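Here's the structure, in structure tokens; my notes come after.
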Amino acid sequence: MAECRLFLLSRLDELMNSHWNIWSSSRLNAGLLLSWVLFVSNSSFATDRFDLPRLSDHATISLVTYSPGDELYTAFGHSSIRVRDDAQEIDRLYNYGTFDFETDAFYIKFAQGDLLYQLSVGLSNAEINERGSLGQGVTESILNFNSDQRQAMFSELETNLLPENRFYRYDFILDNCSTRVRDIFEKVWGHPVADPSIGKVTFRQMLDPYFLRIPWIRFGVYLLLGARIDRLVTPREACYLPFNLERAVQESSTEAGPLGRKPIMIYRPQPLPSVPWYFRPEFVFWTLLLFWIACWVIRGYSASAVLSGLVFLAFGAVGTFLVVFAANTFHWETYDNWNLGWLVPTHLLVGVGLIFLNRSSRSWVRAYLGIALAEIALFLLASPWLPQQFHHAIYPLAILLGWRCAIELCRKPHQEILR
């Protein structure tokens, strides 16, 4: 009885997810329908036990993979599980990547890594056609499951839809919509699902191709994520990206054969917009640095302490944000961030000192600038050997910071501060 009730309720969930615009305009209808389902499940099936519908011999379980989309939340693609049985009029798409925007303190919980994601279900064709219409490619790989494995998968998915099972704390790398699919495949199949062709590559290097068209997001991610994502990925961990999960399904096999068949292309991916090379961070920051130095030379090497102070305030603020964010989040990817080697939070104090303190009160500032200049030089020299990969655009910024240190250190006592 419980399993039948679960299936009926999940069918309701499927309908409400697929036609939410209808239900949201008439919550009374949804409430009446829910009451009817609960009534049926508690009365009509009270005397007889019904299990989940038994899938026919022609039923299929498949992995559906979406290519990256234009929106940031679709930048890495997506993975879903499709259960199809035309004889039972079942065609359901299970998705581990949904969340509720109405959650209290949504953005705070998202930043803290405390936002609960959930398994949802919808009508397969509606979801697939929607993604295709948005320009995402859609492929489907049918799994080589026998009838018992297909039924076990169906049962696992329906059980995971229970309110007490459907929610989980999302982890961008270790526990996401793709790794959840990998895990349930392994549970039913009984063998590891891994991408042995991944080679020696880090998590950061795996993400890089997805950021090429959105370089400013890539720059921000490089600043935010620390050294822990610069370790080598295991073949099983590589499945955290949908494309690698799809490849793992093809390459994971036993003596009985591979887990999945060759993917079928349902929709071809459309080209995605990208940023021109002259708007990319590397070009912008190098141009800014060279232009600023040229202006400094043209002006006879005169410089403003206020401008130096603003530079230190900006860089110190970014460093402070990195520290505060990492100290208040479950996102372990932000820990051990070597960008703090040049984005030092105490730069804030120097910025305040350069702008607001008079010369006689700034002796400590001069000492700090000497230490900061040496530290920046050491960071630039050592960065290729540090355990973290850095974005190339940080180098003109670090040089800019060191240059402003040198300017203030070389300022002669009789020089007035240009404000």
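The values are calculated or read from the model by the stated rules, or taken from the named source; none is laboratory data. The structure presented is a predicted model; accordingly, all values stated were derived computationally and were not measured. Cβ atoms come from the backbone with ideal geometry, glycine included; neighbour counts cover every protein chain shown. For accessibility, only protein heavy atoms count, side chains too; no ligands or nucleic acids. Shrake-Rupley method; radii C 1.70, N 1.55, O 1.52, S 1.80 Å.
What percent of all Cα-Cα pairs in segment 57-213 falls into each 5 Å bin, going from 0 up to the bin containing the maximum distance?
P(r) for segment 57-213, in whole percents per bin: 2, 8, 15, 20, 20, 18, 11, 5, 1, 0.
Residue by residue through segment 246-257, which ³J(HN,Hα) values in whole Hz follow from phi under the Karplus form 6.51 cos²θ - 1.76 cosθ + 1.60 (θ = phi - 60°), with glycine and proline marked x?
Calculated HN-Hα couplings, in order: 4, 5, 5, 5, 6, 9, 7, 8, 10, 4, 7, x Hz.
Which peptide among 137-150, 292-305 comes first, and what is the full order, when sorted by highest mean count of other Cβ atoms within 10 Å? Let's see the in-between values first.
Numbers: 137-150: 17.8, 292-305: 12.9.
Ranking the peptides 137-150, 292-305 by packing returns 137-150, 292-305.
Given a 1.4 angstrom probe, I'd like the percentage of the accessible area of the chain that is carbon and sulfur, rounded to a whole number.
Working: 13560 of 21420 Å².
Here carbon and sulfur together make up 63 percent of the probe-accessible area.
Enumerate the calculated ³J(HN,Hα) couplings along segment 206-212 in order (Karplus 6.51 cos²θ - 1.76 cosθ + 1.60, θ = phi - 60°), each rounded to whole Hz, writing x wherever the residue is Gly or Pro.
These are the phi-based 3J(HN,Hα) values: 5, 6, 3, x, 6, 9, 4 Hz.
Please calculate how many Å² of accessible area segment 223-315 carries per residue, with a 1.4 Å probe and no DNA, RNA or ligand atoms counted.
57
Once amide H atoms are built 1.01 Å from N in the peptide plane, which residues 5 or more positions from Ile90, or in another chain, come under 5 Å H to H?
Correct list: Asp85.
Rounded to the nearest 10 Å², what accessible area does Arg92 have for a 1.4 Å probe in the complete protein model?
So the heavy atoms of Arg92 present about 0 Å² to solvent.
Roughly how compact is segment 304-380, stated as its Cα Rg over 2.2 N^0.38 Å to two decimals? Intermediate values should be presented prior to the final figure.
Working: Rg = 13.8 Å, N = 77, 2.2 N^0.38 = 11.5 Å.
Cα Rg divided by the expected 2.2 N^0.38 Å: 1.20.
Scaled to the compact-protein estimate 2.2 N^0.38 Å, what is the alpha-carbon radius of gyration of segment 346-413, rounded to two decimal places?
Details: Rg = 13.6 Å, N = 68, 2.2 N^0.38 = 10.9 Å.
Taking N as the residue count of segment 346-413, the ratio is 1.25.
What residues qualify as long-range amide H neighbours of Gly97, i.e. H under 5 Å apart, gap of 5 or more or another chain, H built at 1.01 Å from N?
For Gly97, the qualifying residues are Ser120.
Viscosity 1.567 mPa s, temperature 4 °C: give me the Stokes-Einstein translational D for segment 144-219 in µm²/s, with Rh taken as the Kirkwood radius over C-alpha pairs.
Numbers: Rh = 15.2 Å.
Reported coefficient: 85 µm²/s.
Find the Cα radius of gyration of the chain, compare it with 2.2 N^0.38 Å by division, and give the number to two decimals. Walk me through the numbers on the way to the answer.
Values: Rg = 27.9 Å, N = 419, 2.2 N^0.38 = 21.8 Å.
Against the empirical 2.2 N^0.38 Å value, I get 1.28 for the chain.
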